[in-house]
Amino acid sequence: MDSLWAIILAAGKGTRFKSNQVKVLHPLLGWPMLKWVLEAVSGLEAEKICVVVGYQKEQVKKEIKSQKVEFIHQKKQLGTAHAVLSAKDFIKHDLSQDILIINGDLPLIRTETLQPLVEKHKQSGNELTFMSAEMTDPTGFGRLNYGSKGTLRIVEEKEATKQQKKIKEANVGIYIFKAQALMETLPKISNDNNKGEYYITDAVEILSKESKKVGVHQTQNIEEIIGVNDRFEMALAAKKLRTRKIKDLTSQGVTFYDPESTWIDADVSIGKDTVIYPSVVLEGKTVIGKECKIFPSVHIIQSRLKNGVKILTSTMIEESLIEDHVQVGPFAHLRRETVLKKGSKVGNFVEMKKTVFGEKSKAGHLSYLGDCEVGKEVNIGAGTITCNYDGRKKHRTEIKDGAFIGSGVQLVAPLKIGKKAYIGAGSTITKDVSAYSLAVERSPQKQRKEWVKKKIQK
Ligand code: UD1
Ligand code: CA
């Protein structure tokens, strides 16, 4: 069997996106659009993949790292056939093989949908086999126009007559050529059309008129062939990808109370019997373990949650690690490099940054802990804050096992609080406190008896 090489067309700027960023790098579920296509093509076991880049080529190369992929620069975007022609050295490498050509703006396409096209091409011995779909509204797509003598051509929307626009069978933008036929056809394509572009779709008519074997594989998976040409189409495509992702997770034993309002990236993984409440956003390579509960409006970015974790309403977690049976929130904010050890509890309006919070320790209310190392079974009283920044540098605070920090304490770093030490409420602690000591820093309370009565009489 001939081997398969693939070309992904991704040089267009995507004018209809009205963006400073090239279309194929716009993310869907955290992956650049192009990566979705690349994944689907990679699943075919294409030996080599060539991506035709143009606009912002360096950024595209940076985002797409894969050993299988080579990049070719199309300097001017003169049309899809011109894009293919710019990859001629890639095609010529071995003229006995098949070349799959696919538009880079088809993020919904799956390997399973490409497979039958490949099979049909291999079995038929066609020079060209391409994918079509019967659509209720094919506006914007090229249409398949069958001639009376068994010829076939694709008419682009811009060139189509009223009659041709009524054709429902559309060109999807996925083609397999025999490399030899492709190389012979490319020079015959002209730009004599309304857009002044070289259309790869013209290859259909050229080969067909030469009585070469051209075949069509009509796919039934219509929802996958939506070409993303503007941001609204991207939003629709992202919604479909999200539904796919959530469906996959539910099949692995995860509950989503409201899939419609859940936002989840492609790289997120979730363990069995975890429950996701409405309006949750899960981003990046977030890993959530088994039997967790993620309550409404929680936002988690690039974090790891182990098993039995509860994240209460309206909590934000970024680049953090949360161990078994921890409870966080409501309204907590864990910033980068925070580690909550087993069984610890972080409550309302608590913010942490670069803090390791020990086993079974508690910070229940209104605290800020930054650059801290907190031992086991430490109690952080309501309103306690670390003063970790002196205007120039950040300093560390260390709180040893079993320490008790009263409410409303300021811990001015750098600072060490010893094992089982007690800090009286309202203290501003600037010096290290040794193990088992009590530290109180408070001005003596004054009381003037009957002072209020005298004030009223005045
Ligand atoms: C194309 C097809 C159309 C089909 C539709 C399916 C042509 C002429 N038309 O139209 O029949 O129904 O896809 O979605 O091919 N590109 C380049 N270099 C260029 C021009 C485009 O690399 O010079 C890339 C784009 O980045 C894009 C892909 O080719 O990923 C398709 O180009 P686009 O302009 O979106 O073609 P459509 O108008 O959608
Ligand atoms: Ca398109």
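How many angstrom separate the Cα center of region 241-264 from the Cα center of region 85-133?
Computed from Cα coordinates, the inter-centre distance equals 32 Å.
Keeping all protein chains in place, calculate the accessible area per residue for the chain (probe 1.4 angstrom), answer in Å².
Value for the chain: 50 Å² per residue.
Let me make sure I get this right: for region 4-224, a, b and c are the square roots of the gyration tensor eigenvalues over alpha carbons, sorted descending. Under 1.5 in a/c it's rounded, otherwise prolate if a/b > b/c, else oblate. Which is it?
Taking the square roots of the gyration eigenvalues as a ≥ b ≥ c, region 4-224 is rounded.
Rank V52, Q21, V37 by how far each Cα sits towards the positive end of the charge dipole of region 7-58 (+1 on Lys, Arg Cβ; -1 on Asp, Glu Cβ) and give me just the farthest.
Among V52, Q21, V37, the one farthest towards the positive end of the dipole of region 7-58 is Q21.
At Q457 and V275, where each label point lies 7 Å from the Cα along Cα→Cβ, what is the point-to-point distance in nanometres?
6.4 nm
With contacts defined as alpha carbon pairs under 8 Å and 6 or more residues apart, what's the relative contact order of region 4-224 in percent? Intermediate values should be presented prior to the final figure.
Working: 424 pairs, mean separation 52.8, N = 221.
It rounds to 24 percent for region 4-224.
Show which lysines lie in cross-link reach of K416 when reach means a straight Cα distance below 17 angstrom and same-chain residues fewer than eight apart are skipped.
K354, K376, K394, K400, K431
Do any GluC sites (Glu not before Pro) in region 1-82 lie in a loop, going by DSSP, with at most 16 other beta-carbon atoms within 10 Å of their beta carbon, and if so which?
On the way: sites: E39, E45, E47, E58, E63, E70; in loops: E45, E47.
Taking region 1-82 and a limit of 16 other Cβ atoms within 10 Å, the loop GluC sites (Glu not before Pro) found are E45, E47.
Taking every DSSP beta bridge that has both residues in region 1-126, what percent is antiparallel when rounded to the nearest 5?
10 percent
May I ask you to derive the relative contact order of the chain, considering only C-alpha pairs under 8 Å and at least 6 residues apart, and to give it as an integer percent?
Here the relative contact order equals 8 percent.
Suppose a student asked you for the relative contact order of region 366-458, using Cα pairs under 8 Å spaced at least 6 residues apart; what percent would you report?
RCO, region 366-458: 21 percent.
Given the C-alpha centroids of region 294-352 and region 194-223, what is the distance between them in whole angstrom?
That distance is 53 Å.
Just from its helices, what would the mean residue ellipticity at 222 nm be for the chain, if runs of 4 or more DSSP H residues each count -39500 (n - 2.57) and the sum is divided by every residue, rounded to the nearest 500 deg cm²/dmol? Display every interim value, and only then the final one.
Working: 10 runs with 88 residues, N = 458.
Mean residue ellipticity, 222 nm, calculated: -5500 deg cm²/dmol.
Roughly how big is region 4-224's charge dipole about its Cα centre, with Cβ charges of +1 (Lys, Arg) and -1 (Asp, Glu), in debye to the nearest 20?
Dipole size: approximately 540 debye.
P(r) for the chain: what percent of alpha-carbon pairs falls in each 20 Å bin, starting at zero?
Per 20 Å bin, starting at zero, the Cα-Cα P(r) for the chain comes out as 22, 36, 24, 14, 4, 0 percent.
Provide E169, E184, E159 ordered by accessible surface of protein heavy atoms (probe 1.4 Å), highest first.
Working: E169 25, E184 85, E159 55 Å².
Ranked from most to least accessible, the order is E184, E159, E169.
Measure off, as a whole percent, the carbon and sulfur share of the 1.4 Å-probe accessible area of the chain, all protein chains present.
Carbon with sulfur: 49 percent of the solvent-accessible area.
Per q in 0.19 1/Å, what log10 I(q)/I(0) does a Debye calculation on the alpha-carbon atoms of region 253-439 return?
Per q value, in the given order, log10 I(q)/I(0) is -1.13.
Quick one: if you take sqrt(5λ) for each eigenvalue of the C-alpha gyration tensor of region 268-325, what semi-axes come out, biggest first, whole angstrom? Please report the intermediate quantities before stating the final value.
Numbers: eigenvalues 39, 34, 20 Å².
So the equivalent ellipsoid measures 14, 13, 10 Å along its semi-axes.
Taking the DSSP beta bridges in the chain as the whole, what percent of them are antiparallel, to the nearest 5?
20 percent
The values are calculated or read from the model by the stated rules, or taken from the named source; none is laboratory data. Values in this document were obtained by computation on a predicted structure and should not be read as measured data. Reconstructed Cβ throughout: ideal geometry from the backbone, glycine too, with neighbour counts over all protein chains shown. To get the accessible areas, we keep the full protein, side chains included, count just its heavy atoms, and leave off ligands, DNA and RNA. Shrake-Rupley method; radii C 1.70, N 1.55, O 1.52, S 1.80 Å.
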